[in-house]
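The values are calculated or read from the model by the stated rules, or taken from the named source; none is laboratory data. Keep in mind that this is a model prediction, so the values were computed, not measured. Glycine gets a Cβ as well: all are built from the backbone with ideal geometry, and neighbour counts include every protein chain shown.
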Amino acid sequence: MGFLSYLISGISLGSIYAIIALGYTMVYGIAKMLNFAHGDVIMVGAYMSFMATAYIGWSPLASVVLAMAVCTLLGIIIERLAYKPLRNATSLAVLITAIGVSYFLQNIALLIWSSNPKSFTSIISLDSLRLFDGQLIISSVTLVTIAACIVIVYGLTMIVRYSKIGKAMRAVSEDKEAAQLMGIDVNQTISVTFAIGSGLAAVAGVLLCSAYPLLMPTVGAMPGIKAFTAAVFGGIGSIPGAMLGGILLGVIEILGKAYISTELSDAIVFSVLIIVLLVRPTGLLGKKISEKV
Amino acid sequence: MLKVDDINVYYGSIHAIKGVSFEVEQGEIVTLIGANGAGKSTILKTVSGLLHPQTGSIHFAGQNIVNVPPHKIVSQGLAQCPEGRRIFLQMTVEENLEMGAYIRLRHEIRGAIADVYERFPRLKERRRQQAGTLSGGEQQMLAMGRALMSKPTLLMLDEPSMGLAPILVTQIFEIIKELNQAGTTILLVEQNAQMALSVAHRGYVLETGRIILTAPAADLLNNDKVRKAYLGG
């Protein structure tokens, strides 16, 4: 029963990584940039939900909607102010800017909310699920997290596959210049991508702080890096890859903590990444890039 | 219909297009011929708005389109079928066509797709296939069909014969003539000067970023200098 219980919490943690990784992977796929500020958008989302429930007394669901709205807007603003002027700049300049935005968000949060951790009350207050005569207890947060991940991945896959904007995203991702010649507004497509990724980051933030209820300005940094790792692990640019990478990463982390060493769990996670990348440089589900001229 | 007036285009510090002017009248097929690197594709990219001229003006249907973003230029009725086809290889044939009609309304798209399938029946057979699995000739047809999806009044074709077998080249040029007869004005960029001049009404000869000669296509075919430089004697 111990193993099963670890496995489930691994999948749950991995689901959070997966939701964050989706934001990394979509932005990378379409704008060809790594948005290292993505982890900090998670933090902003968590604070929004916290403020709405703790100070204004909103219902948990309403607080999630607020967090998503604020983060979506934040994502669009960050893209417009920080990244759009660098559309034709070197990728190093964009990367440095992204790191700058990350520190900027953390420090703004520090000014507003101070460094004292806030204790986040889980927004999910359903009963735990008891299986096998109470030998296996699965908390409602765990269940909701896994369900949210499945719904999000399914919804996003449908959007990218069938909707007009989703098809435009695929076109821009494959050939930006040809997409413009079709009449696709590339800037708008990139903006929508940031909006979706940041909205999902808000959901991830609320779920993360419901499972690990200490809220502070750096809360998004480590999960952000892990989710980035997950996106690379699964094959950056691929939506199913982000989900697979995220869940595997979560499972490896929790099982590593349980059976090998709590201190070494992060080292184990990153070692697995290095090994996978040595064997498959494009990640588990990454496409081999081949061009036909 | 299209009036390019004294444009200068730079790639960084390289002066790629030097004071080029030309015109395309409604109903014409006009061709720009020239060697590799003469600046033909650069001119089309500039007209499409992907590149911006340092000086000079470009008017399409009476409006200045310099500094208008590429996607807005498409909606004014100017489409380009780019060099190397540039179809979306990971998308299906039909999705590629839908992208070509991105600026159009949903109910117009079905009819436009049907028109393209009528002209290129091969594409209909392969509608659900990934575009990357098509042969070179089919990819060229898809690229042209995709450009037609926006119902352009002026279609710019960049090297449509590139990499195709001679029989397909003939077929593609037949289609170009048919499209023109059906009312689409065409600006054609080609290295295959022989073929291009045989379908065009007028031609411009481009050398290292400058237009050195312009005349009716038939005259260019008989011009000694053109024959030597571009028609293999």
query: Do we have any residue at all in the range A:220-227 that's within 14 Å of chain B (Cβ to nearest Cβ) and not in a helix (DSSP H, G or I)?
result: no
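Residues are listed down the side, and each one gets a yes or a no for (1) at pLDDT below 95; (2) closer than 30 Å to B:Arg126 by Cα; (3) surrounded by 19 or more Cβ atoms within 10 Å (Cβ to Cβ):
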position	(1), (2), (3)
B:Thr46	no, no, yes
B:Pro53	no, no, yes
B:Ser57	no, no, no
B:Asn67	yes, no, no
B:Leu78	no, yes, yes
message: Cβ-Cβ distance below 9 Å, separation of 6 or more or different chains: which pairs start in the range B:52-69 with a residue that is in contact (Cβ under 8 Å) with a residue 60 or more places away in the chain and end on one that is assigned to a strand (DSSP E or B) and of a type outside the set (S, T, N, Q)?
response: B:Phe60/B:Leu2; B:Phe60/B:Lys3; B:Phe60/B:Leu78; B:Phe60/B:Leu154; B:Ala61/B:Leu2; B:Ala61/B:Leu78; B:Ala61/B:Leu154
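Matching residues to (1) surrounded by fewer than 24 Cβ atoms within 10 Å (Cβ to Cβ); (2) of a type in the set (Gly, Ala, Ser):
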position: A:Met169; (1), (2): yes, no
position: A:Val206; (1), (2): no, no
position: A:Leu214; (1), (2): yes, no
position: A:Ala242; (1), (2): no, yes
task: Residues being of a type in the set (A, V, I, L, M, F, W, C) and within 15 Å of B:Thr46 (Cα to Cα): count how many of those fall in the range B:70-103.
output: 5
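Rundown of residues vs (1) part of a helix (DSSP H, G or I); (2) free of Cβ contacts under 8 Å to residues at least 12 places away in the same chain; (3) aromatic (Phe, Trp, Tyr), yes/no style:
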position	(1), (2), (3)
B:Ala143	yes, no, no
B:Ala147	yes, no, no
B:Ser150	no, no, no
B:Met156	no, no, no
B:Pro160	no, no, no
B:Gly163	no, no, no
B:Leu168	yes, no, no
B:Glu174	yes, yes, no
query: Taking A:Gly246, is it crowded, with 24+ Cβ neighbours inside 10 Å, at pLDDT below 90 and either of a type outside the set (A, V, I, L, M) or under 18 Å from the mean Cα position of the chain (by Cα) (or both)?
result: no
message: Return the residues of the range A:177-202 that are facing chain B (nearest Cβ under 10 Å), of a type in the set (A, V, I, L, M, F, W, C) and surrounded by 21 or more Cβ atoms within 10 Å (Cβ to Cβ); say none if nothing qualifies.
response: A:Ala178, A:Ala179, A:Leu181, A:Met182, A:Ile184
query: Is the range B:86-106 home to any residue that is more than 7 Å from chain A (Cβ to nearest Cβ) and at positive phi?
result: no
field: Output for the range A:160-176, where each listed residue is at the interface with chain B (Cβ under 7 Å from one of its Cβ atoms) and either touching a Ser or Thr at 6+ places or on another chain (Cβ under 9 Å) or of a type in the set (Ser, Thr, Tyr) (or both)
entry: A:Ala168, A:Ala171
